[in-house]
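Provided herewith is a single structure, encoded as structure tokens, for subsequent inquiry.
No value in this document is a laboratory result; all are computed from the given coordinates. Values in this document were obtained by computation on a predicted structure and should not be read as measured data. For neighbour counting, all protein chains shown are included, and Cβ atoms are generated from backbone atoms with ideal geometry for every residue, glycine included.
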Amino acid sequence: MSNQFSVTNPATGEVIKKVKIDAEEEIKQKLEMGHKAFKEWAKVNAHERSRLLQKWSDKVKENKQEIAEIMTKENGKPLHESLGEVNYATSYIDWYAEEAKRIYGRTIPANTESKRIIVSRQPVGLVAAITPWNFPAAMMTRKAAPALAAGCTFIVKPAAETPLTAIRIIELAHKAGIPEETVQYVNTHGSIAGDLFTQSEYVRKITFTGSTPVGKTLIQKSADSIQHVTMELGGHAPLIVAEDADLDFAVQQTIATKFRNAGQTCVCANRLIIHEHVAEEFAKKLAEEVEKLKVGNGMDEGTDIGPIINKKGYDKIVDQVKDAVEKGAEVLVGDQYHADDNKGFYFVYPTVLKNVDDRMKIMHEETFGPVAPMTTFRELEEAVEIANSTPYGLAAYFFTNDYRTGTYLHDHLDFGIIGWNDGGPSAAHAPFGGMKESGLGREGGIEGIEPYLETKYLSIGNI
Ligand code: NAD
């Protein structure tokens, strides 16, 4: 087995950099160092931790352009999206720099005069994170920032496709004054990190963002040592357009949620469920707008849709579209490809499919590509049934200006994140996460620091 990862540019197939793979012994040493550093970091007072986090965020902002270019080169997303992701990533550091100062305990009235009951919070210990390639900055900072704010030490294994962004951001944490052993990274294969992290006596919490099958194996493996777990897993988001919706606005927001990062996002709309009375008009407007999206290298000005991350991802998209078309779906725009196995790049042109139904894979599997499949509904109950007919429960969207329709959909959709007339609900100050097989726990908001804290209860007697 090679002891290096070749990080390639998915837009060209060229190798950008080779990254050394850490040997198992080195990873174990880093875990031990992280554990030892915990004793010191947990003692640093909350205001100082807050100040260091703020300094880290400032350093990332100062180097925003450089980080965004690294990201576009290793991930492929358009440069303006990478710049947006760096902002999004620092918004988590900013938010948790503030939350560090708000980790409150409480007192509980006792049932006797001779007792006092005090509840305090303390950091869980060393946190081990595994992150995906699709948001290489933000998926890391939304774990690292609350962990460090809580007083935990942190170690991350970034995705092999996109380690460079995370490495650069961690270097900047050290430059900001956060000790090296307090926030670390390792480069290795996913399954090796999974085994070493879950078997380590030093790791008290596993936090993972990635696919549902890998999340399930990590939950199983972490059972032996009863580690805390947070799981941000796959999604299959429905997007419902009601009869009364503002169609132009709904089209604009559908494009924002569906085609960002070439559709390679866990919360992107995967199934468009449109009221039958407006389906024709919505489809026409959507196809017109989608046709304008420019496919290309993310470094080129004006690019809207970058490459697919790799051949595996590309093959899955092509297979889902082929399956849908064979079973009767109509292509309104797209179903075009630009790929080269020898060079190693894979582009999918943004695609809109009509007359999609339940027999098609695309209605059941996460697509992770720029394909928008449309189906129709007549009654709201039917829309909810289609939307909920998935083991996933991450994000859902709906468009209506009728408060009864909106309230009904909010009440009946089994998803952790709901956008009502909003194609971009994610924010550092709100709890992000899924129900069912989309995960466990939340990241962001006041909820996002909870998983890094233990509750300790003190009962003082004989007063
Ligand atoms: P993936 O599960 O293949 O990989 C994610 C990470 O896990 C990578 O770092 C990878 O190296 C590592 N990994 C792979 N096999 C492993 C194993 N056996 N044990 C431990 N770690 C292992 O997922 P991906 O293809 O990189 O990312 C896409 C998936 O991530 C999609 O399903 C997407 O929906 C999900 N995702 C979820 C969220 C969320 O917040 N819910 C955000 C982004 C992506």
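Can you list the trypsin sites (Lys or Arg not before Pro) in the stretch 1-95 that are in a DSSP coil and have 10 or fewer other beta carbons within 10 angstrom?
43
Also, quick follow-up: Can you list residues from other chains, or at least 5 along the same chain, whose modelled amide H is less than 5 Å from the amide H of residue 339?
HN-HN under 5 Å from residue 339: 347.
Let me ask something else about it. Rank these for me by crowding, 207, 8, 162, 455, going from fewest to most other beta carbons within 10 Å.
Going from least to most buried by this count: 455, 8, 162, 207.
Any idea which of 189, 88, 158 is furthest toward the positive side of the dipole for the stretch 58-212, if Lys and Arg beta-carbons carry +1 and Asp and Glu beta-carbons -1?
Of the options given, the answer is 88.
If you don't mind, there's one more thing I want to ask. Dipole of the stretch 371-456, Cα-centred, from +1 at each Lys and Arg C-beta and -1 at each Asp and Glu C-beta, to the nearest 20 debye?
So the dipole magnitude of the stretch 371-456 works out to roughly 140 debye.
For the chain, what number results from the quotient of the Cα radius of gyration and 2.2 N^0.38 Å?
Normalised Rg, Cα atoms only: 1.02.
For the stretch 367-463, state the semi-axes of the equivalent ellipsoid (square roots of 5 times the eigenvalues of the alpha-carbon gyration tensor), sorted largest first and rounded to whole angstrom.
Computed over the stretch 367-463, the values are 36, 16, 13 Å.
In nm, to one decimal, how far is the modelled label at residue 410 from the one at residue 66, with both set 7 Å along Cα→Cβ?
4.5
With +1 on each Lys and Arg Cβ and -1 on each Asp and Glu Cβ, how big is the dipole of the stretch 76-135 about its Cα centre, in debye rounded to the nearest 20?
For this selection, approximately 420 debye.
Using +1 at the Cβ of each Lys and Arg and -1 at the Cβ of each Asp and Glu in the stretch 257-303, identify which of 290, 265, 277 lies farthest towards the dipole's positive end.
265
From the cross-link list 18/175; 61/311; 157/292; 30/73, which pairs have alpha carbons spaced over 30 Å apart?
Exceeds cut-off: 61/311; 157/292.
Which ³J(HN,Hα) values, rounded to whole Hz and listed in residue order, are derived for the stretch 281-287 from phi using the Karplus coefficients 6.51, -1.76 and 1.60 in 6.51 cos²θ - 1.76 cosθ + 1.60 with θ = phi - 60°, glycine and proline given as x?
Whole-Hz 3J(HN,Hα) from phi for the stretch 281-287: 5, 4, 4, 5, 5, 5, 4.
Based on other C-beta atoms within 10 Å, arrange 411, 357, 304 from fewest to most.
If I rank by nearby Cβ atoms, fewest first, I get 411, 357, 304.
In the stretch 427-463, whose amide N lies under 20 Å from the spot 7 Å out along Cα-to-Cβ of residue 117? List them in ranges.
Answer for this model: 454-463.
I've got another one for you. What is the stretch 114-230's relative contact order, in percent, from Cα pairs under 8 angstrom and six or more apart in sequence?
Here the relative contact order equals 30 percent.
What is the set of long-range amide H partners of residue 432 at a cut-off below 5 Å, with H atoms built 1.01 Å from backbone N?
443, 444
Continuing with the same structure: Give me the one-decimal Kirkwood hydrodynamic radius in Å for the stretch 144-290, with the sum taken over alpha-carbon pairs.
Its Kirkwood hydrodynamic radius stands at 18.4 Å.
Just to check I understand the Karplus step: with θ = phi - 60° and J = 6.51 cos²θ - 1.76 cosθ + 1.60, what whole-Hz values come out for the stretch 165-179, glycine and proline as x?
Values per residue, Gly and Pro as x: 4, 5, 4, 4, 5, 6, 4, 5, 5, 5, 4, 6, x, 7, x Hz.
With N denoting the number of residues in the stretch 315-363, provide Rg(C-alpha) divided by 2.2 N^0.38 Å, to two decimal places.
That works out to 1.21 for the stretch 315-363.
Looking at the stretch 153-201 from every direction and averaging, what is the projected area of its Cα convex hull in nm²?
3.5
Moving on. Defining a contact as two alpha carbons under 8 Å apart and six or more residues distant in sequence, what relative contact order in percent does the chain show?
19
Placing +1 on the Cβ of each Lys and Arg and -1 on the Cβ of each Asp and Glu in the chain, which of 386, 364, 426 has its Cα farthest towards the positive end of the resulting dipole?
Projecting each Cα onto the dipole axis, the largest value belongs to 426.
Run the dipole for the chain about the Cα centre, Lys and Arg Cβ at +1, Asp and Glu Cβ at -1, nothing else charged, and hand back the magnitude in debye, nearest 20.
2080
List the aspartates and glutamates whose Cα sits under 20 Å from the Cα of residue 39, skipping any in the same chain fewer than 8 residues away.
Counting by Cα, and skipping residues close in sequence, residue 39 has these aspartates and glutamates nearby: 48, 180, 181, 201, 450, 454.
Using just the alpha carbons, could you tell me how many Å³ per residue the convex hull of the stretch 268-374 encloses?
96
P(r) tail for the stretch 118-198, what percent of Cα pairs lie past 20 Å?
Value for the stretch 118-198 (Cα pairs over 20 Å): 30 percent.
Lysine pairs in the stretch 315-419 with Cα distance under 12 Å, only those 8 or more apart or on different chains: how many are there?
So the count works out to 4.
Let me ask another. Output needed: percent of Cα pairs per 5 Å distance bin for the stretch 73-207, bins running from 0 to the one holding the longest distance.
With 5 Å bins starting at 0, P(r) equals 2, 10, 17, 20, 17, 12, 8, 5, 4, 3, 2, 1, 0, 0.
So what's the gap between the Cα centers of the stretch 304-331 and the stretch 73-120, to the nearest angstrom?
Cα centres, the stretch 304-331 to the stretch 73-120: 38 Å.
Return 338, 236 ranked ascending by Cβ neighbour count within 10 Å, so the fewest neighbours appear first.
Sorted ascending by nearby Cβ count, the order is 338, 236.
Which percent, nearest 5, of DSSP beta bridges in the chain are antiparallel?
40
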